[in-house]
Amino acid sequence: MSTDRQRRFEAATLPHLHAAYNLARWLLRDEAAAQDAVQEAYLSALRHFEQLRGADARPWLLGIVRNACHDHLRERRRLDEHLEWDDAHDEATQPRRDPMALLEQRALSERIDRAIARLAPAFREVVVLRELGECSYEEIAQIAGIPVGTVMSRLSRARALLREALRDERMDDGHA
Amino acid sequence: MDMHDDDDLSALVRGHASRFAAPPELAARVTAALAAESAITTAAAPARRIALPRRRWLEGVMLFMAGAAAAGVATVLLRPSAGVDEEEVAGWVADGHVRSLMADHLVDVESTDRHTVKPWFAGRLDFSPPVIDMADAGDALVGGRLDYLGRHPAAALVYRQRKHVINLFVWADAAGADAAPAALSRQGFHLVRWHEQGMQFWAVSDLNEPELRGFAERLRERIAAPAPG
């Protein structure tokens, strides 16, 4: 039976389930591991719900999800890995368009996904939080547990790496 | 592919990188884990109520009814008007509202046409909820959904008033007495419940109480005098 506390917790956190999963899925690059991490994070968040004291639940929850993901990464000694992006993992959900546009769209999306996936976790998480999670610098600082200045320098470095990766790929492909 | 500055690169990433939506089973998994966790941490807490005398009385009613009409026993359990537990039902309704607000979960059948929504329920429920569009009065029908309150199936009709979502939960309660709308609140949402034509109606929304009561009154007027067609 659910209690009032649980109901209040769910009302505050369940609306952010998609954001939580997106972050976990990008950090862990594995659907099952992302689901496990999100579940662990929600349980941990419930235990510490009183810490929130009416503040915005989204960055608080994403911070817990992020920490759960890093625990997973550490466990699997994946922090320094450079695994190839597994395209099979990634049935991207693209809007339906005409076939040629869809092909180009897919190709571009795949290249960008691959470039983000190849970033080291510290860079990947700031890009995902900023560009896909639409978090402010302050929120990213709270989520990742780093100063705002570090957020900005990591973001700037991450963008430089992405730009580089996309340019290299373009040359590899032999077309623009 | 323009990416001369950070804004271009941002736009490129925002426009084209994959966003992963939580699979539907994850929400169920997480809420189940949370319920289990809550049950452990609140096991020591005293029960909120002692319902034994009322249950006894209710069992008597149910026995009588089982003889009188075999149908509807399950719905009697969902009868707040019989004093079963309005608090608990209100909690289920508010929970159902929150669940529905999670993306992609609002409606099973998306249509502003009641002639689409009504037949959709026909194969799924053993009663027929009134499906009424009130877009002309500012309450636009968005669609319908099959939901569970407690463990009992209920029709959820989804309306939108301005930017506010209203979930109207309807379930059969043939034995209940008609009751005028009454307002209550749960988890920061307002609820208005009433009973008519052998059904329980529970509307829930983040609209304020007078607005939600207004919605209920408009709906009741049209249930009483259905539009032609």
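The values are calculated or read from the model by the stated rules, or taken from the named source; none is laboratory data. Quick caveat: nothing in here was measured; it's all calculated off a predicted structure. As a convention, Cβ positions derive from the backbone with ideal geometry for all residues, glycine included, and neighbour counts pool all protein chains shown.
Here B:Ala225 meets the list (1) more than 23 Å from B:Asp95 (Cα to Cα); (2) surrounded by fewer than 17 Cβ atoms within 10 Å (Cβ to Cβ); (3) in contact (Cβ under 8 Å) with a residue 12 or more places away in the chain almost entirely, failing just condition (3). Just one of the numbered conditions (1) out of contact with any helix residue (DSSP H, G or I) (no Cβ under 7 Å at 6 or more places or on another chain); (2) surrounded by 15 or more Cβ atoms within 10 Å (Cβ to Cβ); (3) modelled with pLDDT of 85 or more is not true of B:Ala155; which one? Exception for B:Ala155: condition (1). In the condition set (1) modelled with pLDDT under 90; (2) assigned to a helix (DSSP H, G or I); (3) surrounded by 12 or more Cβ atoms within 10 Å (Cβ to Cβ); (4) more than 11 Å from chain B (Cβ to nearest Cβ), A:Arg78 is compliant with all but (2).
Residues of region A:6-56 that are among the basic types (Lys, Arg), closer than 23 Å to A:Leu132 by Cα and either buried (at least 23 other Cβ atoms within 10 Å of the Cβ) or modelled with pLDDT under 90 (or both): A:Arg25 alone. Contact map, region A:43-54: first residue within 10 Å of another protein chain (Cβ to nearest Cβ) and closer than 16 Å to A:Ala68 by Cβ, second residue surrounded by 13 or more Cβ atoms within 10 Å (Cβ to Cβ) and modelled with pLDDT under 85, Cβ cut-off under 9 Å, separation 6 or more or different chains; pairs are A:Leu43/B:Glu37; A:Leu46/B:Glu37; A:Leu46/B:Ser38; A:Leu46/B:Thr41; A:Arg47/B:Glu37; A:Arg47/B:Thr41.
Scanning region B:92-141 for residues that are farther than 28 Å from B:Glu25 by Cβ, in a loop (DSSP other than H, G, I, E, B) and free of Cβ contacts under 8 Å to residues at least 60 places away in the same chain yields B:Thr112, B:Asp113, B:Ser128, B:Val131, B:Asp133, B:Gly138.
Here region A:1-59 is the region considered, the condition is being of a type in the set (Lys, Arg) and over 22 Å from the mean Cα position of the chain (by Cα), and the residue that is nearest to B:Trp92 (Cα to Cα) is A:Arg7.
Scanning region A:109-136 for residues being part of a helix (DSSP H, G or I), without any contact (Cβ under 8 Å) to a residue 60 or more places away in the chain and touching a Leu at 6+ places or on another chain (Cβ under 8 Å) gives a total of 7.
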